[in-house]
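Report on the following structure.
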Amino acid sequence: MEIRKAGFTLIEVVIFVSLISVIFVTFAALTTTTIRWSKINEHKILASHNTEELREWLRGQKEADFDGFVAKNGSWCFNSHAFPDDYSSWISSSDPSCGYTLDNNIFKRTVTLTSQENGNKVLISIHTEWFEGSQFYKIDEKALFSLYEL
């Protein structure tokens, strides 16, 4: 009488373990990529919010003193949610203190004001930028302000 032993060979076990390992590594890589993209999208939302916040504050400055606003041609740094009280407190974007200091040292927010049509309109260009690892991202927004908005 012959006794048969049922079981797996060593090769079958190695192949099974290898396939399971490849599946787990793939899931880990997919999870890592998903988390990285969700963080990038979170920062895009924050950058959009920061850009919108500055645009609305600039609109208020334009409404309060259009002549003073038009005279502020140049590039300016706004890396704080506490905006300056007067035009003399604006920091130039070329100033060394204008770095990635907004929102836990993630973002850099600048604006360029350009007077147009003999001082009747001002083109504002807001740039909010940040680094995600070694990748550079930015949100740009342009608006044209005039004394009387339609």
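Just so you know, all these numbers are worked out from the coordinates, no wet-lab data involved. Remember, predicted model here, so these are calculated numbers, not experimental data. Using ideal geometry, Cβ is built from the backbone for each residue, glycine included, and neighbour counts are taken over all protein chains shown.
Let's see how each residue does on (1) among the aliphatic types (A, V, I, L, M); (2) exposed (fewer than 12 other Cβ atoms within 10 Å of the Cβ):
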| position | (1), (2) |
| --- | --- |
| 71 | yes, no |
| 77 | no, no |
| 103 | no, no |
| 108 | no, no |
| 117 | no, yes |
| 124 | yes, no |
| 131 | no, no |
| 148 | no, yes |
### Task
Keeping to the range 54-73, report how many residues are touching a Lys or Arg at 6+ places or on another chain (Cβ under 9 Å) and of a type outside the set (Phe, Trp, Tyr).
3
### Query
Quick check: is even one residue across the range 69-82 assigned to a helix (DSSP H, G or I), touching a helix residue (DSSP H, G or I) at 6+ places or on another chain (Cβ under 9 Å) and touching a residue at least 40 places away in the same chain (Cβ under 8 Å)?
yes
### Query
So, in the range 110-145, of the ones that are outside any strand (DSSP E or B) and small (Gly, Ala, Ser), which residue ends up farthest from residue 45 (Cα to Cα)?
119
### Summary
Reported set for the range 83-109 where residues are in contact (Cβ under 8 Å) with a residue 12 or more places away in the chain, of a type outside the set (Ser, Thr, Tyr) and in a loop (DSSP other than H, G, I, E, B) is 83, 90, 95, 98, 99, 106
### Task
Scan the range 54-79 residue by residue and report those that are out of contact with any strand residue (DSSP E or B) (no Cβ under 9 Å at 6 or more places or on another chain) and within 18 Å of residue 141 (Cα to Cα).
56, 57, 60, 61
### Task
For residue 40, state whether it is of a type in the set (Val, Ile, Thr) and assigned to a helix (DSSP H, G or I).
yes
### Per-region count, the range 42-69, residues surrounded by 15 or more Cβ atoms within 10 Å (Cβ to Cβ) and over 29 Å from residue 120 (Cβ atoms)
4
